[in-house]
Amino acid sequence: MTTQELFTSETAYPTYSEDMSCPSTVPLELATAKRHSVPLHLPIASSAYRLIKPTIEFVLIMLALPFLLPLCLCIAVLVGASSRGPVFYRHRRLGQFQRPIFVWKFRTMYQDGDRVLEQYLDANAEARQEWLTNRKLKWDPRITPIGRILRSTSLDEIPQLLNVLCGEMSIVGPRPIVHEEMSKYGMYLQMFSYAVPGITGLWQVSGRCDLSYEERVQLDVHYVTRWNLWMETKILLKTLFVMIHREGAY
C-alpha cells in the first residue's frame, strides 16, 4: 500500500483534530487499556508478533554478522579518523510502553554540535522554523562529512542491532521518539507505545524526512493496528531499496 493509498483509505482509528491533540472521540479500548499491556484486539498482541517476529529477527542478525562486522570496523575507522570524539553515540529515547532506552548509533556529528546548531538557528529564522516543526534540518551544520553519508544510507543505525539483541528494539517497528516529541502524537501516543520500536519501519520506506510529522504518526498507528508478517517482510525488502537509493534521508 502506498502512502497516498493509506491516507485515502478507510481506517479503524480516529482522525486528528486540527491541533493533532484533541480527538473528537476516544475509543473505549484506549480509555480502558492498561499502560503496560497490549490490548488483545491489536495484531501486535499475537504470538506471531511476540514470538515468531523476534525469532526471525535474531536469525537474520546471526546470518548477517559475517558481513556486518567487517563493515562496522570500516565505519568505525572512518568515523574516528574524520573528526574528534567517540565512534559510538547513544541517545535517550522512549521504548515500548514509554520506557526509557538508550539507542546506539555511529557518531555522525561534531562534538560541539549543540553549540554549532544553536548559532546556526539564531542566524537563520527559516531553519529554526524547520527545526521546530520537524526536529530535523535538510542541511544540519552539526553533521560531519562522513556522517552525511552514513545518515543518507542509514548505516549509522547498524549499532542498534545491539538494542534488538537486548530486546529493547526490533528490526522493524515505529522509530523510538524523544520526550519532546510525545506531544506530537497527541491521543495516539499510547497506541504508538504499544509496539516495540524499530530500526526501520513504514515511515522510513514511505518517504521518511519528506513526510510531515502528521503523516509519520499515521503510519506508526497503521503499523500497530494492521501489523502482519507479510507487512513485516515488505518493509524489510523495501528498506534495502531505500538504503541503496537514499530516498527521503538527510
Next item on the list: Whenever you get a sec, compute what percent of the accessible area on the range 97-159 sits on carbon and sulfur atoms (1.4 Å probe).
Entry: 54
Next item on the list: Mind ranking 121-132, 209-220, 45-56 by how tightly packed they are, going by the mean number of other C-beta atoms within 10 angstrom, highest first?
Entry: 209-220, 45-56, 121-132
Check: Can you give the charge dipole size of the range 126-250 about its Cα centre, rounded to the nearest 20 debye, using +1 on the beta carbon of Lys and Arg and -1 on the beta carbon of Asp and Glu?
Finding: 200
Next item on the list: Rounded to the nearest 0.05, what FRET efficiency do ALA81 and PHE102 give with R0 = 30 Å and r taken as the Cβ-Cβ distance? Could you check?
Entry: 0.75
Check: Using a 1.4 Å probe, what is the accessible area per residue for the range 104-227, in Å²?
Finding: 40
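The values are calculated or read from the model by the stated rules, or taken from the named source; none is laboratory data. Computed from a prediction, not measured in an experiment: that's the story for all the values here. For neighbour counting, all protein chains shown are included, and Cβ atoms are generated from backbone atoms with ideal geometry for every residue, glycine included. We work out accessible area using only protein heavy atoms, side chains counted, and drop any ligands, DNA or RNA first. Shrake-Rupley method; radii C 1.70, N 1.55, O 1.52, S 1.80 Å.
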